[in-house]
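Accompanying notes for the structure given below.
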């Protein structure tokens with residue numbers, strides 16, 4: 001099976017490359033080889049490589065910056081999957097499109113199911129929602145939504161908190177983190193397994209077209225920051241964790257509005273993928289162990 005992977009240099013892309021299943025011929029691209037903002041290039045690489053699957057892990061993920069760069073976010077997050085889907089319709093391949101909990105508005109207060117309507121709050125979420133729509137017009141596409149992704153490499157909340165814990169502890173100052181946004185941190189290590197399994201579940205013709213995947217449990221950013229400090233100190237990554245002080249979203253205004261509650265209901269997807277739920281704290285401990 002030949003798989004064309006986008007976003008190989010990103011945190012998920014690196015986890016996917018480190019866990020390629022036997023029997024997969026991987027063609028991995030980064031922005032250098034493939035500019036996802038160039039729809040013609042996206043179509044052309046599919047026509048040239050003729051993959052069995054495009055695993056579109058590349059994305060524009062700068063949530064706040066997207067408010068100032070809507071055209072670029074739209075090109076990467078919506079027009080690229082449209083180009084992949086159109087080209088794959090001709091070559092006979094399939095598409096696994098990665099998406100986000102930010103396609104929901106966070107107003108309902110209980111986990112979002114795969115078939116619930118999209119109501120994004122900002123430019124980033126809207127661009128990802130349009131990417132979902134165009135991808136799913138291709139009947140051979142599969143969509144996998146996830147949330148709060150982090151890993152041992154790349155730019156993410158966990159690595160930022162490790163740095164800030166060390167700095168704030170040395171300064172004797174509290175680390176202030178938003179406590180009124182709830183979701184679930186998701187490790188790239190578990191997410192990569194879900195992506196590869198999503199490509200391999202086609203023995204079941206009735207398998208779901210839309211999948212949800214996050215680690216188990218729920219957390220606020222405050223909860224996540226506290227756990228990062230506790231576990232990193234226990235593993236010797238930090239001499240001393242900083243005191244974490246909860247604040248509200250209003251205390252930390254950002255250009256983009258974020259959903260206050262974005263848990264994903266992964267029940268049906270876990271059954272379809274045949275993968276166990278891993279609690280986010282256990283997944284975090286594994287990620288931190290890889291950072292040593």
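Quick note: the coordinates plus some simple rules give every number you see, no bench work behind them. Predicted model, so just to flag it, every value in this text is computed and none were measured. Reconstructed Cβ throughout: ideal geometry from the backbone, glycine too, with neighbour counts over all protein chains shown.
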Subject >> Spin-label model distance (nm) - residue 275 vs residue 115, 7 Å beyond Cα toward Cβ >> reply: 2.3 nm
Original post:
What's the exposure ranking of 69, 132, going from fewest to most Cβ atoms within 10 Å?
Top reply: 69, 132
Original post:
Can you give the relative contact order of segment 135-216 as a percent, counting alpha carbon pairs under 8 Å and 6+ residues apart?
Top reply: 45 percent
Original post:
When only Cα pairs under 8 Å and 6 or more residues apart are kept, what is the percent relative contact order across the chain?
Top reply: 21 percent
Original post:
Modelled label-to-label distance, residue 171 and residue 19, 7 Å Cα→beta-carbon offset: nm?
Top reply: 3.5 nm
**OP:** Between the alpha-carbon centers of segment 271-291 and segment 1-34, tell me the distance in whole angstrom.
**Re:** 21 Å
**OP:** Label segment 72-157 by shape, choosing from rounded, prolate and oblate, from the square roots a ≥ b ≥ c of the eigenvalues of the Cα gyration tensor; if a/c is under 1.5 it is rounded, and otherwise prolate applies when a/b is larger than b/c, oblate when it is not.
**Re:** prolate
**OP:** Would you mind calculating the relative contact order of segment 15-85 from Cα pairs under 8 angstrom and at least 6 residues apart, reporting the percent as a whole number?
**Re:** 39 percent
**OP:** For each of 197, 142, 44, count neighbouring Cβ atoms within 10 Å of the residue's Cβ, then give the residues from fewest to most.
**Re:** 44, 197, 142
**OP:** For helix 80-91, report the angle its Cα long axis makes with the longest principal axis of the Cα atoms of the chain; keep it between 0 and 90° and round to the nearest 10°.
**Re:** 30 degrees
**OP:** Once you have a ≥ b ≥ c as the square roots of the Cα gyration tensor eigenvalues for segment 6-48, tell me rounded if a/c is under 1.5, and otherwise prolate or oblate according to whether a/b is larger than b/c.
**Re:** oblate
Subject >> Folded to 0 to 90 degrees: helix 123-136 orientation relative to the chain principal axis, Cα >> reply: 30 degrees
**OP:** Compute the label zone of residue 69 within segment 12-27: residues whose backbone N is under 19 Å from the point 7 Å along Cα-to-Cβ.
**Re:** 12-13
Original post:
Which residue fluctuates the most in the chain, going by a Gaussian network model with Cα springs under 10 Å, if the choices are 16, 143, 26?
Top reply: 26
**OP:** Quick one: check the C-alpha center-to-center distance for segment 215-229 versus segment 156-197, whole angstrom.
**Re:** 7 Å
Original post:
Dividing the alpha-carbon Rg of segment 14-101 by 2.2 N^0.38 Å yields what?
Top reply: 1.11
Original post:
Using a simple spin-label model with points 7 Å from Cα along the Cα→Cβ vector, what separation in nm is obtained for residue 160 and residue 89?
Top reply: 3.8 nm
Subject >> Computed [θ] at 222 nm, deg cm²/dmol, the chain (DSSP H ≥ 4; -39,500 (n - 2.57); rounded to nearest 500) >> reply: -11500 deg cm²/dmol
Subject >> Angle in degrees between helix 39-49 and the longest Cα principal axis of the chain, rounded to the nearest 10 >> reply: 60 degrees
**OP:** Taking the Cβ of each residue in 155, 193, 128 as the centre, tally the other Cβ atoms inside 10 Å and list the residues starting with the fewest.
**Re:** 155, 193, 128
Original post:
In terms of the Cα gyration tensor, with a ≥ b ≥ c the square roots of its eigenvalues, is segment 240-292 rounded because a/c is under 1.5, prolate because a/b exceeds b/c, or oblate?
Top reply: oblate
